[in-house]
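Trainee: Take a look at the following structure, please.
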Amino acid sequence: MSSLLDVSQSLSRFDPATGTIGDAPQVKRYLADLRGCFRDTEAYERALTHDNPLVYTVAAVEPAVGEGDLHYGLGVIYPGLVGDEYFLTKGHLHAWRAAAELYIGIAGEGVMLLEDEATEETHLVPLQPNSAVYVPGHTAHRTVNTGVVPLTYLGVYPARAGHEYDVIAERNFRSVVIQRDGKPLMIRRN
Ligand code: F6R
Ligand code: MN
């Protein structure tokens, strides 16, 4: 019987400073890519007239899509605000809704917005070094940098999970994370 173990695929080295994992593809999201995500649309358009900063990057290792396979990505969200709302990721559900994900904090200070797709109930969970956040299936997730240095984390998910952005783009998260008195606060969007 032939071995399924391909040791050359077993080890990867990631660089938290550049957000890269070897030569794995890296997606870069700039402020202009995040139209519709922030609550204060005037502040968003105003910010864009000055600059189009890099908000976050994700390098993903996504080799095989077999039953039982895992994929993983290294995310880096830069510090910043649009109005009083912290820099964030687009956020998504998994196309395969039952797929869970494990986020592992590497550097910086942040939070995850977890929103149950059915009830639209939102939870705020800290994402920090030496801690892991379990994102259950059927849960929209968005990551937010609430600190002053890049927030770096690893996400590990079933290879079959896929990404569903359209549902979020249409209805958005029910809650937002703003800076109030220098601290993060979750409030309802409207
Ligand atoms: C994968 C996953 C993360 C995100 C990353 C960027 O399922 O949750 O690797 O892809 O945090 O966020 P999005 O994909 O929402 O732009
Ligand atoms: Mn995910």
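Trainee: With a 1.4 Å probe and all protein chains in place, put LEU31, LEU11 in order of accessible area, largest first.
Mentor: I get LEU11, LEU31, largest accessible area first.
Trainee: From largest accessible area down, sort LEU88, LEU5; use a 1.4 Å probe on the protein chains. Let's see the in-between values first.
Mentor: Values: LEU88 5, LEU5 125 Å².
Sorted by accessible area, descending: LEU5, LEU88.
Trainee: At 0.36 nm per residue, and after removing the present C-alpha to C-alpha distance, how many nm does the segment from GLU120 to ASP33 gain when stretched out fully?
Mentor: The GLU120-ASP33 span can extend by a further 28.9 nm.
Trainee: Rounded if a/c is under 1.5, else prolate if a/b beats b/c, else oblate: with a ≥ b ≥ c from the C-alpha gyration tensor eigenvalues square-rooted, which is region 4-188? Intermediate results must be reported in sequence, preceding the final value.
Mentor: Working: a/c = 1.77, a/b = 1.41, b/c = 1.25.
The shape class here is prolate.
Trainee: Here's a follow-up. What does the accessible area of ARG180 come to, in Å² to the nearest 10, when a probe of 1.4 Å is used?
Mentor: Result for ARG180: roughly 120 Å² accessible.
Trainee: What percent do you get for the relative contact order of region 64-190 when only Cα pairs under 8 Å and 6+ apart count?
Mentor: Relative contact order of region 64-190: 36 percent.
Trainee: In nm, what is the difference between 0.36 nm times the number of residues separating LEU11 and ARG97 and their Cα-Cα distance? Walk me through the intermediate numbers first.
Mentor: Values: separation 86, 0.36 × 86 = 30.96 nm, distance 2.86 nm.
Gain on stretching LEU11 to ARG97: 28.1 nm.
Trainee: Can you sort LYS28, LYS183, LYS90 by solvent-accessible area, 1.4 Å probe, largest first?
Mentor: Ranked list, largest accessible area first: LYS183, LYS28, LYS90.
Trainee: To continue, here is another question. I'd like the accessible area for HIS138: 1.4 Å probe, protein heavy atoms, all chains in place, Å² to the nearest 10.
Mentor: That residue has around 100 Å² of solvent-accessible surface.
Trainee: About the Cα centre of the chain, what is the dipole size in debye to 20, counting +1 per Lys and Arg Cβ and -1 per Asp and Glu Cβ, all else neutral?
Mentor: Values: 16 positive and 24 negative charges, 61 e Å.
Magnitude of the dipole: close to 300 debye.
Trainee: Given only helices, namely DSSP H runs of n ≥ 4 each adding -39500 (n - 2.57), what is the per-residue ellipticity at 222 nm of the chain, to the nearest 500 deg cm²/dmol?
Mentor: Working: 2 runs with 16 residues, N = 190.
Result for the chain: -2500 deg cm²/dmol, rounded to the nearest 500.
Trainee: What FRET efficiency, computed as 1/(1 + (r/R0)^6) with R0 = 30 Å and r the Cβ-Cβ distance, is obtained for VAL149 and GLU67, rounded to the nearest 0.05?
Mentor: 0.15
Trainee: Pick out which of GLY22, GLY36, GLY155 has the largest mean-square fluctuation in a Gaussian network model of the chain, springs linking Cα atoms closer than 10 Å.
Mentor: Comparing GLY22, GLY36, GLY155 in a Gaussian network model of the chain, the most mobile one is GLY22.
Trainee: Next question, about the same structure. Return one number: the angle in degrees, 0 to 90 and rounded to the nearest 10, between the long axis of the Cα atoms of helix 41-50 and the longest principal axis of the Cα atoms of the chain.
Mentor: Long axis of 41-50 versus the principal axis of the chain: about 80 degrees.
Trainee: Another one. Hey, can you rank 52-60, 40-48 by average C-beta count inside 10 Å, highest first? Before the final figure, lay out the partial values.
Mentor: Details: 52-60: 18.8, 40-48: 14.6.
Descending mean neighbour count gives 52-60, 40-48.
Trainee: Quote the FRET efficiency, to the nearest 0.05, computed for ARG171 versus ASP23 with a Förster distance R0 of 30 Å and r equal to the Cβ-Cβ distance. Please list the in-between numbers first.
Mentor: Numbers: r = 36 Å, r/R0 = 1.22.
Efficiency, from the Cβ-Cβ distance: 0.25.
The values are calculated or read from the model by the stated rules, or taken from the named source; none is laboratory data. From a predicted model like this one, the values you see are computed outputs, not experimental measurements. Heads up, the Cβs are rebuilt from the backbone with ideal geometry, glycines too, and the neighbour counts pull from every protein chain shown. Note: accessible area is taken over every heavy atom of the protein model, side chains too, but ligands, DNA and RNA are not part of it. Shrake-Rupley method; radii C 1.70, N 1.55, O 1.52, S 1.80 Å.
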